[in-house]
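Just below is one structure, and these are the notes that go with it.
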Amino acid sequence: MNKILFLPLLFLVVSSFISVRNIETKVYICKGKSSKRYHYKKDCRGLSNCSTKIYEVTLSEARDIGRTLCGWED
Ligand SMILES: [Zn+2]
């Protein structure tokens with residue numbers, strides 16, 4: 001493999017991956033002790049008794065930390 005060609009190619013792949021992540025779906029999570037869900041709506045019933053700040057994260061970030069979709073969402 002020619003390293004001079006390989007590096008710009010790698011950069012392109014990485015930067016396109018980052019831009020895809022940037023337009024990813026945003027979800028909302030609560031960081032209270034019993035919170036295990038993520039929410040599409042910030043005003044969801046499942047977030048109404050959240051004891052902490054409501055955090056905006058991407059869908060993949062929410063899944064990475066083991067969150068599953070809230071039962072109130074349609
Ligand atoms: Zn919800």
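Extending 7 Å from the Cα toward the beta-carbon at both E56 and V13 defines two label points whose distance is 3.2 nm.
Under the simplified labelling scheme, the D64-K42 pair shows an inter-label distance of 2.2 nm, with each label point 7 Å from Cα along Cα→Cβ. Cysteines of the chain lacking any other cysteine Cβ under 4.7 Å from their own Cβ: C44, C70. Taking a straight Cα-Cα cut-off under 23 Å and skipping sequence neighbours fewer than 8 places away in the same chain, the lysines within cross-link reach of K33 are K41, K42, K53. For the pair E24 and L5, the difference between a 0.36 nm per residue extended length and the Cα-Cα distance amounts to 3.9 nm. For the chain, the alpha-carbon radius of gyration amounts to 1.54 times the rule-of-thumb value 2.2 N^0.38 Å expected for a compact globular protein.
Amide hydrogen proximity for T58: with H placed 1.01 Å from N in the peptide plane, the residues at 5 or more positions away or on another chain lying under 5 Å are V27. The C-alpha atoms of the chain define a longest principal axis, and helix 3-22 lies at about 20 degrees to it. Peptide packing for 59-68, 7-16, 33-42 was compared via the average number of neighbouring C-beta atoms within 10 Å per residue; ordered from the highest value, the list is 33-42, 59-68, 7-16.
Take every pair of alpha-carbon atoms less than 8 Å apart whose residues are at least six positions apart; their mean separation over the length of the range 1-72 yields a relative contact order of 31 percent.
Each reported figure results from applying straightforward, stated rules to the coordinates on display, with no laboratory input. All values derive from a computational prediction rather than experimental measurement. Glycine gets a Cβ as well: all are built from the backbone with ideal geometry, and neighbour counts include every protein chain shown.
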